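The values are calculated or read from the model by the stated rules, or taken from the named source; none is laboratory data. Computed from a predicted structure; not experimentally measured. When we count neighbours, we look across all protein chains shown, and the Cβ atoms used for this are built from the backbone with ideal geometry, even at glycine. Accessible surface areas use protein heavy atoms only, side chains included; no ligands, DNA or RNA. Shrake-Rupley method; radii C 1.70, N 1.55, O 1.52, S 1.80 Å.
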Amino acid sequence: RAFHARIRAELALARGELPEAAEQLADARAHFGTHDFAPQHALPLARIAIAVAAGEGRLLDARAELGHVLEAGFPPGTQRYGWPLLLTAATMEARAVGPAAADAGRPGILDGIRRATRTLATSVPVWQAYERWVRAELLRAEGRSRPEDWAEIVAAFETLERPYELARVRCRLAEALLLYGEDQREPATELLRLAHAVAEHLGARPLADSVALLAQRARLSLNHAPQQRPAPADPAESLGLTSRERDVLRLVSLGRTNRQIAEELFISPKTASVHVSNILGKLGVSGRGEAAAVAHRMDLFPQDTLAVPKAG
């Protein structure tokens, strides 16, 4: 029951439902009791507590929770729980930049997070990507966010089947590009469209809202496809589709489900879902039915009899 309450708290956080997350966190801690300090339970709950406190504006409480974790340290082999926790803390500090009360204690917190990163393993690509992400968030908290750092992180997550994380770092790269100069507006717009499509697809409301707010501040549109390049030989190129996305769009236009697409293209259903979300963003549409309609209207696959599925 404690484990399931923790999972529900994780989902509530991603959906922006802070009261529900706090309730599930309390439920999980009550079921675990006061004697089960196994890191696979304690560290995820501490991460949720930090995120809830930061989301509710209780920065000092969040820092106190982090302080307990840093003081205890991370046992060997706990990188699966340690990296997400440090990322949550680093992101919290980056978002809190500005208020004098928050800035006062920041250097010490950032130093503590940096020291902790040196104790966690990076033996597989996903934790290598997380290490880069944590370090980039720490730089962002110090006002030193660089597009090249975020570009490397995006490239790292593009090879992993983690669409939510990929959408988040794409948003960060777009933000860094917009700070870099006016000539970066087009790639930033494309990144934000892709991130917004995935956030909407997953129901990740805080991420979707962050993307929309950034686009609004930069006066970028998330509703239309990117400007067409002059008369490409292949109509699919004008949409910015990769060859794999073209294959996926053809099957979407034939009414295939993500599982059917995965079986036909020898990929996982999760990867198929990511491709579909990217396609929706590039086409500037909100559902599979609209994507199929675009393919039909542009006669992308004349050899196939296209079926327009229901929107969704």
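The table below gives the values:
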read-out	value
Single residue of 236, 208 found to be crowded, with 17+ Cβ neighbours inside 10 Å and at pLDDT below 80	236
Of all residues in region 157-193 being in a helix (DSSP H, G or I) and under 15 Å from residue 271 (Cα atoms), the one that is most open to solvent (accessible area, probe 1.4 Å)	158
Residue match in region 194-204 (condition: at pLDDT below 90, surrounded by fewer than 16 Cβ atoms within 10 Å (Cβ to Cβ) and part of a loop (DSSP other than H, G, I, E, B))	no
Check on residue 69, among the β-branched types (Val, Ile, Thr), open to solvent by less than 30 Å² (accessible area, probe 1.4 Å) and over 18 Å from the mean Cα position of the chain (by Cα)	yes
Residue tally, condition assigned to a helix (DSSP H, G or I), open to solvent by less than 30 Å² (accessible area, probe 1.4 Å) and within 20 Å of residue 240 (Cβ to Cβ), over region 272-289	11
Residues of region 38-77 satisfying the condition of being within 22 Å of residue 20 (Cα to Cα), outside any helix (DSSP H, G or I) and not charged (D, E, K, R)	57
Residue identified as open to solvent by 50 Å² or more (accessible area, probe 1.4 Å) and outside any helix (DSSP H, G or I) among 144, 115, 135, 80	144
Filter pass, residue 26 being farther than 20 Å from residue 10 by Cβ and out of contact with any Phe, Trp or Tyr (no Cβ under 9 Å at 6 or more places or on another chain)	no
Residues located in region 1-44, provided they are farther than 26 Å from residue 200 by Cβ, of a type in the set (Asp, Glu) and crowded, with 17+ Cβ neighbours inside 10 Å	27
